Amino acid sequence: MSLAERILAGETRAAARLMRNIDDNLPSAREELRALFPHTGRAMLIGITGPPGAGKSTLVDQITASFRTRGKRVGIVAVDPTSPFTGGAILGDRIRMNRHANDEGVFIRSLATRGYLGGLSRSTADVANVMDAMGMDVVIIETVGVGQDEVDIVRLAHTTVVVMVPGMGDDIQAIKAGILEIGDLFVVNKADRDGADRTARDLASMLEFTTFTEGSWRPPVLKTEAQRGTGVEELVAAVLSHHEWLEQSGEMDRLLRDKHATLFKTLLKERLFAEVWVPLQKHGDFEVLLDGIVARTRDPYSAVEEIIEKRLR
């Protein structure tokens, strides 16, 4: 049996192996993903993003527990940063979610960014699709927490939860870089800290400056204490409410079109780059081009045009 067939039969080891192959970018993984794709599209995708230290992993752990009490199977994709110097990564999110390690209804996969920007790993969407095909009812994607540029999650998740904490300049951060635009829900975590009420008020005030059309979703601002589980049930209820709104308003159709358009363009760019780059590097042509560019006998703009003309036309 293929890995895809074994995954559809409920074999978690096959799923883990395919996820590893996906992360290693093995060509064989594409065949398995093709076979699994018709069996995807059923899971609710929840994105959890926010700055480092906001307590995202602890919050994911609590959200998972809440969905498990509802009888839902949960997949977790936890993205951790990669060192720009050594290439290594400490996949620490599994430690924080250790209580679910022996729960057959929970599947946790940690991914390293491997230099990929935007808060996600290159393979995040594919790994989420594998969890979807496995029969997970909910897939939670926790981004790496890189800061303001972390907007890729909005193109992947159905519901994006932005987690902030008091005392980290959140009132300023929320103004910048489209943070307000990417959140479907805003959570002020560690709400027992001084300044939590102010942070929540500042967020709510800034949302008032956003223009909402009639019938559109208005992001709520919630407060949680993830360590104690306080406010988690209200957060899960808000996530479910947003998902229901997506379905009833027809916004889910637009969201899915945007999501798959992004996936298609990403795959196309990767494939076209590989079609050009691999033979260019393999035959030593790149070093010749580079020598000319460094010596200023060639310019990189004309070189790119020539390569495209030669390889793709």
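Within segment 36-75, the residues that satisfy the criterion of being part of a loop (DSSP other than H, G, I, E, B) and surrounded by 15 or more Cβ atoms within 10 Å (Cβ to Cβ) are Thr40, Ala43, Gly50, Pro51, Ala54, Gly55, Lys72, Arg73.
Among the residues of segment 284-313, those that are free of Cβ contacts under 8 Å to residues at least 40 places away in the same chain and among the hydrophobic types (A, V, I, L, M, F, W, C) comprise Phe286, Val288, Leu289, Leu290, Ile293, Val294, Ala295, Ala303, Val304, Ile307, Ile308. Counting only helices (runs of 4 or more DSSP H) that fall entirely inside segment 196-283 and contain at least 1 residues that are among the aromatic types (Phe, Trp, Tyr), open to solvent by 70 Å² or more (accessible area, probe 1.4 Å) and free of Cβ contacts under 8 Å to residues at least 40 places away in the same chain, the qualifying elements are 251-282.
The values are calculated or read from the model by the stated rules, or taken from the named source; none is laboratory data. Just so it is clear, the model here is predicted, and its values are computed rather than measured. Quick reminder, even Gly has a Cβ in these numbers, built from the backbone with ideal geometry, and neighbours come from all protein chains shown. Surface areas here come from the heavy atoms of the whole protein model, side chains and all, with no ligands, DNA or RNA. Shrake-Rupley method; radii C 1.70, N 1.55, O 1.52, S 1.80 Å.
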